[in-house]
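Before any comments, here is the structure.
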Amino acid sequence: MPRSLEDNVDAYFDRAAAFSSHPRGLLDQIRACNGVYSFQFPVRHPDGRIEVVRAWRAEHSHHKLPAKGGIRYSAAVDESEVKALAALMTYKCAVVDVPFGGAKGAVRVDPRECGAEQLERITRRYVHELVRKNLIGPGVDVPAPDAGTGEREMAWVVDTYMALNPGQLDGMACVTGKPVTEGGIRGRKEATGRGLVYALGEVCAQAGDMAALGLSAGLDGKRVVVQGIGNVGYHAARFCRERGARVVAIAVREGAILDPKGLDEDAVVEHRTRTRSILDFPGATSIPRSADALELDCDVLIPAALENQLTGDNAPRIKARIVVEGANGPTTPEADEIFWRKGTLVVPDIYANAGGVVVSYFEWLKNLSHVGFGRLERRHQAASDLRLLHAIEQATGKPFTAAVRAVLVRPPDELGIVNSGLEETMVTAYQEIRETRQRQPAVQDLRTAAFLNAINKVARAYLELGIFP
Ligand code: NAD
């Protein structure tokens, strides 16, 4: 019987915990899911039928508050999966120093089978239930989008929460991933894909590591295969292309397409929306069995769709030298072991796809401070830059051209600040992971090093609370 995502996450935890010196009780507490609320509610269909919908909110860890984690809409989700995803959130937040506990929510519904009205009813009902149980709030538990949900659903979440908590000053911080017009932050929608490409850029910048893989340093010219063209996959493909990599194949549910010259993700999405299939994209070769695309010849494979995609079965045939986990839990421990033996570099989910929660943290801060990033200092900074330019012009007797002036005087704007904060976070976290691997030579892979960093950071928080001697 295949192991569950929960088993896999626990296995990765145990593998890393063996390298720590924390007492068993503390490790057990870090690993355990603190609580999961399982509930169901009736929803009326447009045809009058009543359907009972299953839903969950798991809070894996409260070592820091609020707890944080997305809401997944999927026909296949179950309680074990929600708990595993909540655990991953705890470790992910710790790896990138986002001061939250881990949580996750889910509703068992296929969003492709529901109209917008139905989804809105389900979302609002779900939030009602969370409010009743104090499982949502700026200082308690803050959801975000995950597979099957996006900005639209988060707008319904905040609207419902605010209606039930009138006058709550910080109420907008009850959820992140909102549209910018509804208290969101610029750069959140694309943050997971952008963060993944910052991570990949940093991985590829290590010339020695790349040489060991038989690759040149840098992202430029790398051949990339992406699985999934939803929020994470689309933006990962876009930023890879913008940084000079070539997205040679894209795989989705109904199949995959291959073009060694490189694919344009916007054209692919437009084609798929228009024809209702990714297959038969002009100029590309169609691959009817989607999973075959994972085994194509490439430098980088980005699974950005589902869990358990790289298994003991297909891992021996995977040709990519680098696997960057856009999805949560795409690699089973059996595949991970095979990749290690083959020398494939796996950049683990708890680091690679953390960009979303990093920018969610910035959004939460913006909502709590009630002022957008850059608003206060924008003019002040521009005036200060201009004074400096004038002083240089006077000292040298040479005026700057308008073009140079425009480059040098760049007052901070929200998107620029968000992206630079995201890049700084991803680069710093990668350096920490590499340092752990170098400091503890027995820790050979990036996943174990990332888990070990997470365990140590969560352990420190518990020790500071004085809960463990
Ligand atoms: P999404 O719903 O926007 O997109 C999912 C994509 O996967 C779609 O393109 C779909 O066609 C594809 N897909 C579904 N089943 C497939 C199959 N059997 N084979 C191939 N492709 C398939 O979801 P998303 O938000 O992009 O999330 C994708 C993954 O990334 C999930 O594991 C999620 O937990 C993780 N993640 C998401 C975020 C975020 O900010 N949205 C953050 C971190 C991690």
Selection count where residues are crowded, with 23+ Cβ neighbours inside 10 Å, closer than 22 Å to Glu432 by Cβ and not β-branched (Val, Ile, Thr), scope the stretch 70-106: 10
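With the stretch 1-111 as the region, which strands (runs of 3 or more DSSP E) entirely inside it contain at least 2 residues that are polar (S, T, N, Q) and modelled with pLDDT of 95 or more?
Numbers: elements: 35-44, 50-59, 67-74, 101-108.
Filter on the stretch 1-111 gives 35-44.
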The stretch 336-367: number of residues that are more than 16 Å from the ligand (Cβ to nearest atom) and outside any loop (DSSP other than H, G, I, E, B): 11
For the stretch 287-301, what are the residues that are in contact (Cβ under 8 Å) with a residue 60 or more places away in the chain and either more than 10 Å from the ligand (Cβ to nearest atom) or assigned to a loop (DSSP other than H, G, I, E, B) (or both)? Leu296, Asp297, Cys298, Asp299, Val300, Leu301
Pairs returned, first residue in the stretch 264-285 that is open to solvent by 60 Å² or more (accessible area, probe 1.4 Å), second residue that is β-branched (Val, Ile, Thr), beta-carbon separation under 7 angstrom, 6 or more apart or interchain, are Arg272/Ile278; Thr285/Ile257
Scope the stretch 147-186; condition in contact (Cβ under 8 Å) with a residue 40 or more places away in the chain and either farther than 19 Å from His370 by Cβ or part of a helix (DSSP H, G or I) (or both); matching residues: Ala147, Gly148, Thr149, Gly150, Glu153, Val157, Met172, Ala173
Conditions: (1) in a loop (DSSP other than H, G, I, E, B); (2) away from the ligand (no atom under 16 Å from the Cβ); (3) open to solvent by 40 Å² or more (accessible area, probe 1.4 Å). Asp313 meets all but one. Number of the miss? (2)
Out of Val347, Val427, I need the residue that is in contact with a helix residue (DSSP H, G or I) (Cβ under 8 Å, 6 or more places away or on another chain), open to solvent by less than 20 Å² (accessible area, probe 1.4 Å) and of a type in the set (Val, Ile, Thr). Which one? Val347
Here the residues within the stretch 107-162 that are open to solvent by 10 Å² or more (accessible area, probe 1.4 Å), of a type in the set (Val, Ile, Thr) and under 17 Å from Arg44 (Cβ atoms) are Val109
Given the criteria within 20 Å of the chain's Cα centre (by Cα) and among the small types (Gly, Ala, Ser), does Ala442 qualify? no
The stretch 316-329: number of residues that are touching a residue at least 40 places away in the same chain (Cβ under 8 Å) and within 14 Å of the ligand (Cβ to nearest atom): 5
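The values are calculated or read from the model by the stated rules, or taken from the named source; none is laboratory data. Every value quoted in this text rests on a predicted model; they were computed, and no experiment measured them. Cβ atoms come from the backbone with ideal geometry, glycine included; neighbour counts cover every protein chain shown. Note: accessible area is taken over every heavy atom of the protein model, side chains too, but ligands, DNA and RNA are not part of it. Shrake-Rupley method; radii C 1.70, N 1.55, O 1.52, S 1.80 Å.
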